[in-house]
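A short write-up of the structure that comes next.
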Amino acid sequence: MSGMLGKKIGMTSIFDESGQMIPCTIIEAGPCYVTQVKTKERDGYDAVQLGFDEIKERLVNKPAKGHFSKTGVKPLRLIREFRDTNGLTLEPGSEVKVDLFHQGDFVDVTGTSKGRGFQGVVKRHHFGGVGMTTHGQSDRVRAPGSIGSSSYPSRVFKGMRMGGRMGHENVTIKNLKVLKVILESNILIVKGSVPGAINSYVEIVKQH
């Protein structure tokens, strides 16, 4: 397999041989279960569908319950497809564990970034504000300033950097080095930060 699903546990730091402190992220990677194998003849493309994080059967609707029972796996909360299987032939119901990765590998991690709600231009686009507050100017420090002219173009151009919803987007961090793999507890430790809050789901894809 080229990748698997996991859950962000949190961040910590470890020390290398030279005593350098390295910030890293702890990910609970798997175990994942193969819920469906798609083929080019039947589905139009080759892919493996993986499921992660078991949930109670009463929380699953009937179509999903039938989908899981077809492969003999318990109901799972998260399902994703992986197109690249590295030539491996996986059977429905088989298990994918964290031993897919090894120390020194480089991975791409995809997750949903933290939602920040509606934010202004200073926080969202790093505007510097309008300068000094003089002569009673107390409410314009974090304002965006002018956003267009009056007679021409008499409108605001598309793409203008303004206040708006920030965060809660699909983000991929590439080239994260695998520092440690703990097989008995399904733990993957990667160098650097990973998008998302604690206990959020991530996709981990191994680079070739």
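Bear in mind that the values in this text are calculations on the coordinates, not laboratory data. Values in this document were obtained by computation on a predicted structure and should not be read as measured data. Cβ: placed from backbone, ideal geometry, glycine included. Neighbour counts: every protein chain shown.
Applying both filters, DSSP loop and at most 14 other Cβ atoms within 10 Å, to the chymotrypsin sites (Phe, Trp or Tyr not before Pro) of the range 11-114 gives TYR45. Grab the other residues whose beta carbon is less than 13 angstrom from that of VAL98, score K and R as +1, D and E as -1, and report the net. So the environment of VAL98 carries a net charge of -1. Using R0 = 35 Å, the C-beta based FRET efficiency linking LYS70 and ASN199 works out to 0.75. Residues CYS32, CYS24, ranked from the fewest to the most other C-beta atoms within 10 Å, line up as CYS24, CYS32. Multiplying the residue separation of SER146 and ASP84 by 0.36 nm and subtracting their alpha-carbon distance yields 17.5 nm. Compared with the dominant principal axis of the Cα atoms in the chain, helix 62-71 is inclined by about 50°.
Of the peptides 195-204, 111-120, the order by per-residue mean of other Cβ atoms within 10 Å, starting with the highest, comes out as 195-204, 111-120. Taking 21 Å as the limit for the C-alpha separation, the pairs LYS74/LYS177; LYS123/LYS177; LYS8/LYS180; LYS38/LYS177; LYS74/LYS180 exceed it in the case of LYS74/LYS177; LYS123/LYS177; LYS38/LYS177; LYS74/LYS180.
Radius of gyration over Kirkwood radius for the chain, both on Cα atoms: the Rg/Rh ratio is 1.13.
Here the residues ASP16, ASP84, ranked from fewest to most Cβ neighbours within 10 Å of their Cβ, fall in the order ASP16, ASP84.
The simple Förster model, with R0 at 30 Å and r as the Cβ-Cβ distance, assigns LYS56 and LYS177 a FRET efficiency of 0.25. Database remark: amide H of GLY3 closer than 5 angstrom to the amide H of LYS206 (H placed geometrically; neighbours at sequence offset of 5 or more, or on other chains; Pro and chain starts carry no H). Find how many whole Å separate the alpha carbon centroid of the range 171-201 from the alpha carbon centroid of the range 138-152. Distance between centres, Cα-based: 42 Å. Computed from the C-alpha gyration tensor, the three semi-axes of the ellipsoid equivalent to the range 131-206 are 46, 18, 11 Å, from longest to shortest.
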